[in-house]
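Data block below; observations after.
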Amino acid sequence: MVCQKCEVTPAVISGVRRYFVWPPIGHSGTKIRDVLTGLDTPFVIDDETGAITFDAPVDLFKRTSVALTGVLSSEERRATTVLVKEQGVEPGVADIPDARSLEAVSSFVDAGWLLSMVDQAQLQIALSPVVHAEEWSDVFALNATLHGTDSGGNLIGADQIYRTAANACILAPVDRAARVTAIREIGRTKATQPTFIPFSPSSIYDPEFCLRTTVAAVKEADLDPGMIIFTMVMNDNPVDIDHLRGILRYYRNAGFQVALNDVGSGAASLDLLSQVKPDMIRISPRVATGVADDPYKSIVVRKLLEMAQRLRIDTVACGIAGEPDAIFLYEHGTTFLEGPLVGAAETAGQARASRTGEA
């Protein structure tokens with residue numbers, strides 16, 4: 001049985017579609033009707049349901065969304081419900097699950113580039129080294145970083161991909177595609193080190209069902225589960241601790257390790273650290289970068305490292321670009337380092353080895 005949320009990529013909205021819009025209150029409806037009138041877009045109002053219905057090509061809907069952003073409050077945009085159907089098709093009870101907020105539908109329409117990437121298997125993974133803080137030439141693991149390339153050849157980073165997916169309510173298929181792509185890349189390169197693979201807990205509804213293709217991909221790539229460290233990428237949504245524990249329990253029962261990402265900033269709170277007890281934590285670049293010269297950051301990082309040591313949790317300091325930061329972090333107990341400095345050190349080491357071989 002195919003999971004419709006995880007394994008099916010929604011089709012890109014194109015052409016002329018029929019839009020059904022349900023405003024939360026009458027005043028919001030007046031604003032929406034005024035915008036449609038200003039754009040010369042004919043509409044009808046259903047007296048029974050209050051739906052404002054209009055047909056429009058995608059470009060016109062985008063202009064409508066932009067105009068509505070200027071007149072509706074953020075709460076109105078979240079509370080306004082939109083359903084998109086084929087032109088001339090009326091909605092039915094079966095369409096209820098497809099109704100989304102105006103914000104989500106607008107984001108979905110703008111996310112065509114991401115849907116195409118997923119559908120055409122164009123997501124890409126880069127593997128970067130994670131080294132021992134004591135010896136930078138000693139690679140402990142690899143970190144899988146998601147990215148993509150747009151039609152103009154421009155690089156699209158992981159933050160933009162995940163942010164777009166979350167806003168457009170397509171996090172489940174995007175996150176699944178990213179996990180499977182990373183696993184296949186590890187298998188292709190025949191990497192022998194442990195590898196950090198990011199995942200979003202918000203994308204997983206039922207781990208027994210949603211993660212089966214991930215486990216299958218690991219088996220297909222003939223990888224040792226113990227060499228994979230699934231890394232929790234948290235968003236700003238409230239965390240369901242019981243659900244998160246269920247996901248981590250599933251991963252651990254399957255033989256994987258788990259890590260908490262971006263600790264020290266964002267949604268990866270210290271409370272979450274104590275609740276889920278990860279095998280490793282990855283300290284956010286926002287606090288690790290410049291830590292040697294910033295008294296505030298140094299206090300935060302020292303306390304994080306002290307806590308991790310007491311809990312016997314290994315730490316990875318991320319985004320390290322300068323030697324003073326690397327030395328500070330090592331002296332205060334960081335286990336591993338990752339970032340531009342590490343990549344530069346590895347490149348220099350490879351160059352030295354090459355020169356020695358030539359000699």
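So what is the accessible area of the chain per residue, in Å², with the probe set to 1.4 Å?
Value for the chain: 50 Å² per residue.
Where in segment 50-84 does the label zone of Val16 land, with the point 7 angstrom along Cα→C-beta and an amide N cut-off under 14 Å?
Within reach of a label on Val16: 54-61.
What does the highest-first list of 227-234, 185-192 look like by mean Cβ count within 10 Å?
Taking the mean over residues of other Cβ atoms within 10 Å, the ranking is 227-234, 185-192.
Here are several values of volume of the Cα convex hull per residue in Å³: [x] 131; [y] 242; [z] 174. Which one was derived from the coordinates shown?
Computing volume of the Cα convex hull per residue in Å³ and matching it to [x] 131; [y] 242; [z] 174 gives [z].
Once amide H atoms are placed 1.01 Å from N in the peptide plane, what residues at a sequence separation of 5 or more from Phe196, or on another chain, have their amide H within under 5 Å of its amide H?
Leu142, Asn143, Ala144, Ile229
Considering only DSSP beta bridges with both partners in the chain, what is the antiparallel share in %, to the nearest 5?
60 percent
Taking +1 at the Cβ of each Lys and Arg and -1 at the Cβ of each Asp and Glu, which of Val82, Val66, Ser101 sits farthest along the dipole of segment 57-117 towards its positive end, judged by Cα position relative to the Cα centre?
Of Val82, Val66, Ser101, it is Val66.
Mind giving me the nanometre distance, one decimal, between the label points for Asp40 and Thr192, set 7 Å out from Cα along Cα→Cβ?
With each label point 7 Å from Cα toward Cβ, the separation is 6.9 nm.
Let me know the shape class of segment 141-213, please: from the alpha-carbon gyration tensor, a ≥ b ≥ c as square roots of the eigenvalues, rounded when a/c is under 1.5, otherwise prolate if a/b is greater than b/c, or oblate.
Oblate, since a/c reaches 1.5 and b/c is not below a/b.
Would you work out which of Asn261, Ile327, Gly148 lies farthest towards the positive end of the dipole of the chain? Charges go on Cβ: Lys and Arg +1, Asp and Glu -1.
The Cα lying farthest towards the positive end belongs to Ile327.
Size of the dipole of segment 43-162 about the Cα centre, Lys and Arg at +1 and Asp and Glu at -1 on the beta carbon, nothing else charged, in debye to 20?
For this selection, approximately 220 debye.
Nearest 10 degrees is fine. How inclined is helix 171-189 to the longest principal axis of the chain, computing both from alpha carbons?
30 degrees
Placing +1 on the Cβ of each Lys and Arg and -1 on the Cβ of each Asp and Glu in the chain, which of Val174, Thr315, Val233 has its Cα farthest towards the positive end of the resulting dipole?
It is Thr315, whose Cα lies furthest towards the positive end.
Could you give the dipole magnitude of segment 191-281 about its Cα centre, charging the beta-carbon of Lys and Arg +1 and that of Asp and Glu -1, in debye to the nearest 20?
180 debye
Roughly speaking, to the nearest percent, how much of segment 3-89's 1.4 Å accessible area is carbon and sulfur?
53 percent
In the neighborhood of Arg184, defined by Cβ-to-Cβ distances under 13 Å, what is the net charge if each Lys or Arg adds +1 and each Asp or Glu adds -1?
Result for the neighbourhood of Arg184: +2.
Roughly how many debye, to the nearest 20, is the charge dipole of the chain about its Cα centre, given +1 on each Lys and Arg Cβ, -1 on each Asp and Glu Cβ, and no other charges?
In total the dipole reaches around 380 debye.
Just the accessible area for Val84, please: 1.4 Å probe, Å², rounded to the nearest 10?
Its accessible surface works out to 40 Å², give or take rounding.
Determine the relative contact order of the chain: mean sequence separation of Cα pairs under 8 Å and six or more apart, normalised by residue count, in whole percent.
Reported relative contact order: 13 percent.
Over the Cα atoms of segment 260-332, each weighted equally, I'd like the Debye log10 I(q)/I(0) at q = 0.17 Å⁻¹, rounded to two decimals.
Debye output, listed in q order: -0.54.
Angle, helix 26-38 long axis vs. longest principal axis of the chain, Cα atoms, 0 to 90°, nearest 10?
It works out to around 80 degrees.
Would you mind estimating how fast segment 1-130 diffuses translationally, via Stokes-Einstein at 10 °C and 1.306 mPa s with the Kirkwood radius over Cα pairs, in µm²/s?
99 µm²/s
Against the longest principal axis of the chain, how steep is helix 340-358, in degrees 0 to 90 to the nearest 10, with axes from Cα atoms?
On a 0 to 90 degree scale, this one is about 50.
The values are calculated or read from the model by the stated rules, or taken from the named source; none is laboratory data. Note that the structure is predicted; figures quoted are calculated from it, not measured. Ideal geometry is used to build each Cβ from the backbone, glycine not excepted, and the neighbour counts take in all protein chains shown. What goes into the accessible areas is simple: the full protein's heavy atoms, side chains included, and nothing from ligands, DNA or RNA. Shrake-Rupley method; radii C 1.70, N 1.55, O 1.52, S 1.80 Å.
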